[in-house]
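This report refers to the structure that appears directly beneath it.
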Amino acid sequence: MHLSLPGIILAFREALEALLIITIILRFLDRTQNAHLKKHVLLGVSLSLGVSVIAGLGLFAVVRELESLENIGELYNSIASLAAVFLIITFIVWMIRHGRDLGEQIETKAALSLSPGGILALTTLLISREGLEIAIFTIAGQFDAASILLGVLLAVLISYLLSRALIRINFPAVFRFTLLYLIIQTGYLAGHGLHEGLSAINTLGYIGDHSVLLSKAFDLSHGLLAHHEGLLGLPLNVLVGWYADPEWLQFLTQYLTTGLLLWYWGRPDRQQTNSR
């Protein structure tokens, strides 16, 4: 069994966020003396798990079918990966814009949905979104199921220990770290998806081996920095998406994606808005 650290961390973040959402809704119902609606939250969680599994299996089936197509399967796999990366970027932008006031937003929506059907729909929608994000991350990163399951179980364990007051956790710090890691991995996945696409086009004969599109930004694939087996390159690949011999297009796509998302996250006008 091969575990993927990026898959574990990304699944951990999404599952922890889903559990935090559930906690916020349950505490809001207690505070507003609507504890009788808690059973609809639990029903919504059950429904969202079903929706997430069905949506995930559907996405995997589509990607697997595209991969099996003769000659162009690899190209379709690249297109699917890049489409998934685009969706991940929209999720990241949403997190950057709304992450600080997530609890307030959820409570506001819950206050407007104080009915059995409303709470059920709200819970199902919010938790299903987290499940869909996990499915999309898994497809884009081609993470194995064991890594995703381990990340989810770690989030459940942390939440249980917190509920028993056995540990304390700095949620803002955890979410900042995981968001940073998510941004780095998104840049890597964008570059890797483009690399796979270029490789597929080359295999299909649309571009030659010496095409300018395949020209390397650098080649450090022989030695310590080799990303598959290098003493330094392998851990760097796992931790920050290091690639030892990228094409120029891959290199620019990866680091421009990462750089632009980091800039958007820390841009001065956003910091000023958040400090008010």
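The values are calculated or read from the model by the stated rules, or taken from the named source; none is laboratory data. Every value quoted in this text rests on a predicted model; they were computed, and no experiment measured them. Positions of Cβ are generated from backbone atoms using ideal geometry, with glycine treated the same way; all protein chains shown enter the neighbour counts.
Filter the helices (runs of 4 or more DSSP H) completely within the range 177-276 down to those with at least 2 residues that are in contact (Cβ under 8 Å) with a residue 60 or more places away in the chain and under 16 Å from SER81 (Cβ atoms).
248-266
Scan ALA173, ALA165 and give me the residue that is surrounded by fewer than 20 Cβ atoms within 10 Å (Cβ to Cβ), without any contact (Cβ under 8 Å) to a residue 40 or more places away in the chain and at positive phi.
Answer to the selection: ALA165.
Table: residues versus (1) in contact with a Leu (Cβ under 8 Å, 6 or more places away or on another chain); (2) at pLDDT below 85; (3) assigned to a helix (DSSP H, G or I).
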site: ALA121; (1), (2), (3): no, no, yes
site: ARG129; (1), (2), (3): no, no, yes
site: ILE134; (1), (2), (3): yes, no, yes
site: PHE137; (1), (2), (3): yes, yes, yes
site: LEU153; (1), (2), (3): no, no, yes
site: TYR160; (1), (2), (3): no, no, yes
site: ILE167; (1), (2), (3): yes, yes, no
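Under 6 Å between Cβ atoms, which residue pairs at least 6 apart in sequence (or on different chains) link something in the range 122-139 that is under 9 Å from ILE21 (Cβ atoms) with a partner that is crowded, with 21+ Cβ neighbours inside 10 Å and of a type outside the set (A, V, I, L, M)?
THR123/GLY44; ILE127/SER48; GLU130/GLU14; GLU130/GLU17
Among the listed residues THR178, THR186, which satisfies the condition of being modelled with pLDDT under 90 and surrounded by 13 or more Cβ atoms within 10 Å (Cβ to Cβ)?
On inspection, the qualifying residue turns out to be THR178.
Going by what's in this entry, would THR138 be described as out of contact with any Ser or Thr (no Cβ under 8 Å at 6 or more places or on another chain), closer than 18 Å to VAL93 by Cα, polar (S, T, N, Q) and surrounded by 17 or more Cβ atoms within 10 Å (Cβ to Cβ)?
no
With the structure loaded, tell me whether SER113 is of a type in the set (S, T, N, Q), surrounded by 17 or more Cβ atoms within 10 Å (Cβ to Cβ) and assigned to a helix (DSSP H, G or I) or whether it fails that test.
No.
For the range 27-56, which positions are exposed (fewer than 13 other Cβ atoms within 10 Å of the Cβ) and in contact with a helix residue (DSSP H, G or I) (Cβ under 7 Å, 6 or more places away or on another chain)?
Hit for the range 27-56 is ALA35, nothing else.
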